[in-house]
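Written below as structure tokens is the structure these notes are about.
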Amino acid sequence: MKFGVLGTGVVGQTLATKLVQLGHEVMMGSRSAANEKARAWVAKAGAKGRAGTFGAAAKFGEVVVSCTEGKVALEALRTVDRRDLAGKVVIDVSNPLDGSRGGVPVLSVCNHDSLGESIQREFPDARVVKALNTCNCDVMVDPSRLKGDHDLFVCGNDAKAKEQVTALLRDFGWKSIHDLGDITNARGTEQLLPLWMRLYGLFQSPDFNFRIVRKG
Ligand SMILES: NC(=O)c1ccc[n+]([C@@H]2O[C@H](COP(=O)([O-])OP(=O)(O)OC[C@H]3O[C@@H](n4cnc5c(N)ncnc54)[C@H](OP(=O)(O)O)[C@@H]3O)[C@@H](O)[C@H]2O)c1
């Protein structure tokens, strides 16, 4: 399958590499078609990797992964021809973190809204699925690096899109995936980030995840 991965940061690089390893074709998108990080990634990825603008990557992908800096994720998506998102699954991995005040970043949108919903609202014809935003990118693509059971969440308005993303996550190695419901549930997963960041400070390592324990 063809993926457009919007983002040249560590998340874009890690997800794009995993997708290529799984046999998919990937175009990594950036503000500039000549982005050096994207070019360096293509050199390592081989024939199944390519690079382009955010717009070119979204056009290329049958599935689009949004993994740009949260506070500019909409800005990045607005550079895409919206017809190139229509009907497509858009996996939103981004978190709306605002570190401008110093200290632990805060959420720039929360409580009555979320970034996942903002993306779905602005691109109503896209099939947005919020996923993978609650763990570090090394864990995203290799959940077995952590011992024992641990959990992941998906949410979105389109049941078939969530099934498709869940199948991909199983290919990544995920076993315990909870469908929280519609895209408003991105409020819940994005609001795990203030806790995630404090656990990161406590453990001094991003190699951890949330584990849900239920009675019976
Ligand atoms: N780090 C993790 O393990 C982790 C885990 C879960 C979720 N996340 C989320 O995943 C996302 C990506 O994180 P990251 O650390 O890989 O990368 P990042 O540094 O947060 O974002 C890099 C991307 O943002 C784009 N960008 C920056 N300013 C922009 C602007 N003004 N307009 C449009 N695009 C702009 C960059 O474009 P160029 O390519 O043009 O430079 C680049 O592609 C974030 O939302 C983060 O919260 C991260």
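The values are calculated or read from the model by the stated rules, or taken from the named source; none is laboratory data. For clarity, every value in this text was computed on a predicted model and none was experimentally measured. Using ideal geometry, Cβ is built from the backbone for each residue, glycine included, and neighbour counts are taken over all protein chains shown. Calculation scope for accessible area: heavy atoms of the full protein, side chains included, ligands and nucleic acids excluded. Shrake-Rupley method; radii C 1.70, N 1.55, O 1.52, S 1.80 Å.
Once phi is turned into ³J(HN,Hα) by the Karplus curve 6.51 cos²θ - 1.76 cosθ + 1.60 with θ = phi - 60°, what whole-Hz value does each residue of segment 149-166 show in order, with x for glycine and proline?
Values, residue by residue: 7, 7, 10, 9, 10, 10, 8, x, 7, 10, 4, 5, 5, 5, 4, 5, 5, 4 Hz.
Can you tell which of VAL42, THR68, SER94 lies farthest toward the positive end of the dipole of segment 32-134, using +1 and -1 charges on the Cβ of basic and acidic side chains (Lys, Arg; Asp, Glu)?
Of the options given, the answer is VAL42.
Please determine, in degrees from 0 to 90 and to the nearest 10, the orientation of helix 193-203 with respect to the longest principal axis defined by the Cα atoms of the chain, where the helix direction is its Cα long axis.
Long axis of 193-203 versus the principal axis of the chain: about 70 degrees.
Have a look at VAL129, VAL139, VAL11 and tell me which one the Gaussian network model of the chain (Cα, springs below 10 Å) gives the largest fluctuation.
Taking springs between Cα atoms under 10 Å, the residue moving most is VAL139.
Sum -39500 (n - 2.57) across every DSSP H segment of at least 4 residues in the chain, then divide by the residue count to get the 222 nm mean residue ellipticity, nearest 500. Present the calculation step by step, with values, prior to reporting the outcome.
Values: 9 runs with 78 residues, N = 216.
The per-residue figure over the chain is -10000 deg cm²/dmol.
Per the 1.4 Å probe, what fraction of the accessible area of segment 1-136, in percent, lies on carbon and sulfur atoms? Kindly include the intermediate steps, with their values, before the conclusion.
Numbers: 3020 of 5970 Å².
For segment 1-136, the apolar C and S fraction of the accessible surface comes to 51 percent.
Scan around ILE91 for amide H atoms under 5 Å from its own, H built in the peptide plane at 1.01 Å from N, and keep only partners 5 or more places away or cross-chain.
Counting only residues 5 or more places away or on other chains, the set is VAL64, VAL65, SER66, VAL129.
Starting from the amide H of HIS178, placed 1.01 Å from N in the peptide plane, find each other amide H under 5 Å away whose residue is 5 or more places distant or on another chain.
Under 5 Å from the amide H of HIS178 lie the amide H atoms of LEU152, PHE153, VAL154, each far enough along the sequence or on another chain.
Can you tell me the accessible area per residue over segment 1-159, all protein chains present, probe 1.4 angstrom, in square angstrom?
For segment 1-159, the per-residue accessible area is 44 Å².
Out of SER30, SER176, SER66, any idea which swings most in a Gaussian network model of the chain, alpha carbons joined below 10 Å?
Largest GNM mean-square fluctuation: SER176.
Suppose every Lys and Arg Cβ carries +1 and every Asp and Glu Cβ carries -1, with no other charges. What dipole size does the chain come out with about its Cα centre, to the nearest 20 debye?
So the dipole magnitude of the chain works out to roughly 320 debye.
Just list whichever of LYS71/LYS160; LYS59/LYS147; LYS88/LYS215 have alpha carbons separated by over 31 Å in the model shown. Please report the intermediate quantities before stating the final value.
Working: LYS71/LYS160 28 Å; LYS59/LYS147 38 Å; LYS88/LYS215 38 Å.
From LYS71/LYS160; LYS59/LYS147; LYS88/LYS215, over 31 Å: LYS59/LYS147; LYS88/LYS215.
Kindly write out, for segment 129-143 in residue order, the coupling ³J(HN,Hα) from the Karplus curve 6.51 cos²θ - 1.76 cosθ + 1.60 (θ = phi - 60°), rounded to whole Hz, with x marking Gly and Pro.
10, 7, 7, 6, 7, 9, 9, 5, 5, 5, 6, 3, 9, 8, x
Name the residues whose placed amide hydrogens come within less than 5 Å of the amide hydrogen of THR134, ignoring near sequence neighbours (fewer than 5 apart) on the same chain.
none
Taking the 0 to 90 degree range and rounding to the nearest ten, how far is the long axis of helix 10-21 tilted relative to the main principal axis of the chain, both from C-alpha atoms?
70 degrees
Rounded to the nearest 10 degrees, what's the angle between the helix 36-45 long axis and the longest principal axis of the chain, both from Cα atoms, 0 to 90?
In the chain, helix 36-45 runs at an angle near 90 degrees to the longest axis.
Per-residue counts of other Cβ atoms within 10 Å, averaged by peptide: what ranking do you get for 91-97, 204-210, 150-156, highest first?
Details: 91-97: 26.0, 204-210: 13.3, 150-156: 22.4.
Ranked from most to least packed, the peptides come out as 91-97, 150-156, 204-210.
Between ASP125 and ALA86, what is 0.36 nm times their sequence separation minus the Cα-Cα distance? Round to one decimal in nm. Display every interim value, and only then the final one.
Details: separation 39, 0.36 × 39 = 14.04 nm, distance 0.47 nm.
Gain on extension, ASP125 to ALA86, equals 13.6 nm.
In nanometres, what is the gap between the two model label sites at ASN157 and SER205, each 7 Å from Cα along Cα-to-Cβ?
Spacing of the two 7 Å Cα→Cβ label points: 4.2 nm.
Just how far, in whole angstrom, is segment 50-90 from segment 1-40 if you go by their alpha carbon centroids?
12 Å
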